[in-house]
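Participant: Take a look at the following structure, please.
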Amino acid sequence: MSGGKLLIDLDALARNYARLRQAAAPARCAAVVKANAYGLGVVPVARRLLAEGCRDFFVACAAEGLELRAAIPESAIYVFNGPTAGGESEFVEASLIPVLNTLEQVRAWAMTGRPAALNVDTGMTRLGLSAADVDALAADAELLGALSIVYLMTHLACADEPSREMNAEQLRRFGVLHAKLPAAKTSIGNSAASLIGGRWCGDLVRLGIALYGGNPFVARAAPIEPVATLLGRVIQLRDIAEPSTVGYGATYEIQPPARVALLGVGYADGYPRSLGNVGIASVGGVRVPVVGRVSMDSLCLDVSALGSDDIEVGQWVELFGAEIGIDELAEAAGTISYELLTGLGSRIEREYVGGA
Ligand SMILES: *Cc1c(COP(=O)(O)O)cnc(C)c1O
């Protein structure tokens, strides 16, 4: 039996998809399932979203696209990174739609005669054609004529903070670049955009973290519910009979009478080491602190506040989920829900609840 388990509620995923779809309407909603669907398992997640009517999926790289294509023979699969030089045929064979980010990619892809999304950089300084690249493309009638653009895309740097001026500035820049290119549908925002309004979405909004239960905003609530629950198994209970210290570095002093529960989840499983003496877990609705440093394969909880019958070896304890919010735990760890979810290791068993 493993020491850690991730429960994934596919019905909750479906409800989040429905809520975001309603908020984003009339924009079409694509699911971003890169990084193994943010750690939740790309095949079960994509199959369920497909059953809910989703027909557009985004992954980061070709390998992820091929894995997804093997599981879902139909539907559009877009690949954010686009092909590497010479990798075009792999895309064509698996019917993957590249997101083109450079003029080199545009030229190589145009030879295939297949549709593509075209990404323009409006302020991320990450993937996408620069304004100068767009001018060069706009001036090349032959290349433009060979290219079939299904979506003109960009990505917002500050959608998680809707009041930032940067958002409006990026939309303005996007409008300028769009006007230089042939008419195409647009794909602009992410999860946060779907909840703040149409012009931030474009025609196709790209939903990631909010599908999976993470709040896409820095400082406002979102109408979504938890999807993933991380559980750690109690592998040992120790009654503290004399003053002791807990874990590496002896960073936590504990006085008797006290009780410590050891869980079989550590930083090798993606439970952040930064949660040593800071993290919190829930045992039957009672919040108990992580004490001492997080080890590679285990962590300690001070469970002295619980009755002696309230916890036993073999029991599963919630590390995040309905009681300990994933955003709350991520913040305590000095990170974001995205990193917490995608960092969960392969030793963590994935278990699916709800209809597949
Ligand atoms: C990961 C990603 C998304 C999804 O973002 P969320 O904040 O998880 O909704 C959308 N667009 C691009 C370009 C991405 O890289």
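Participant: With the requirement that a residue be of a type outside the set (Lys, Arg), away from the ligand (no atom under 16 Å from the Cβ) and in contact with a helix residue (DSSP H, G or I) (Cβ under 7 Å, 6 or more places away or on another chain), what does the stretch 195-222 give you?
Facilitator: none
Participant: Could you check the stretch 341-356 and list, in sequence order, the residues that are within 15 Å of Leu211 (Cα to Cα) and crowded, with 20+ Cβ neighbours inside 10 Å?
Facilitator: The answer is Leu341, and nothing else.
Participant: Of these, Asp121, Asp140, which one is within 16 Å of the ligand (Cβ to nearest atom), surrounded by 14 or more Cβ atoms within 10 Å (Cβ to Cβ) and not small (Gly, Ala, Ser)?
Facilitator: Only one candidate passes the filter, namely Asp121.
Participant: Please tell me if Ile77 is under 26 Å from the mean Cα position of the chain (by Cα), surrounded by 16 or more Cβ atoms within 10 Å (Cβ to Cβ) and without any contact (Cβ under 8 Å) to a residue 24 or more places away in the chain.
Facilitator: Considered against the rule, which asks whether it is under 26 Å from the mean Cα position of the chain (by Cα), surrounded by 16 or more Cβ atoms within 10 Å (Cβ to Cβ) and without any contact (Cβ under 8 Å) to a residue 24 or more places away in the chain, Ile77 comes out as yes.
Participant: If you don't mind, there's one more thing I want to ask. How many of the residues making up the stretch 124-134 are away from the ligand (no atom under 12 Å from the Cβ), open to solvent by less than 50 Å² (accessible area, probe 1.4 Å) and small (Gly, Ala, Ser)?
Facilitator: 1
Participant: Restricting the search to the stretch 1-50, which residues are polar (S, T, N, Q), touching a residue at least 40 places away in the same chain (Cβ under 8 Å) and farther than 20 Å from Pro73 by Cβ?
Facilitator: Listed by number, the residues that qualify are Ser2, Asn16.
Participant: Hey, among the residues in the stretch 223-261 that are closer than 30 Å to Ala18 by Cα and out of contact with any helix residue (DSSP H, G or I) (no Cβ under 8 Å at 6 or more places or on another chain), which one's least open to solvent (accessible area, probe 1.4 Å)?
Facilitator: Leu230
Participant: Can you confirm whether Ser163 is modelled with pLDDT of 95 or more, open to solvent by 30 Å² or more (accessible area, probe 1.4 Å), farther than 16 Å from Arg206 by Cβ and more than 16 Å from the ligand (Cβ to nearest atom)?
Facilitator: It is false that Ser163 is modelled with pLDDT of 95 or more, open to solvent by 30 Å² or more (accessible area, probe 1.4 Å), farther than 16 Å from Arg206 by Cβ and more than 16 Å from the ligand (Cβ to nearest atom).
Participant: Just need a number here: residues in the stretch 262-286 that are open to solvent by less than 70 Å² (accessible area, probe 1.4 Å) and either of a type in the set (D, E, K, R) or more than 22 Å from Glu318 (Cβ to Cβ) (or both).
Facilitator: Residues in the stretch 262-286 being open to solvent by less than 70 Å² (accessible area, probe 1.4 Å) and either of a type in the set (D, E, K, R) or more than 22 Å from Glu318 (Cβ to Cβ) (or both): 1 in total.
The values are calculated or read from the model by the stated rules, or taken from the named source; none is laboratory data. Computed from a predicted structure; not experimentally measured. Cβ atoms come from the backbone with ideal geometry, glycine included; neighbour counts cover every protein chain shown. Just the protein is used for accessible areas: all its heavy atoms, side chains included, with ligands, DNA and RNA removed. Shrake-Rupley method; radii C 1.70, N 1.55, O 1.52, S 1.80 Å.
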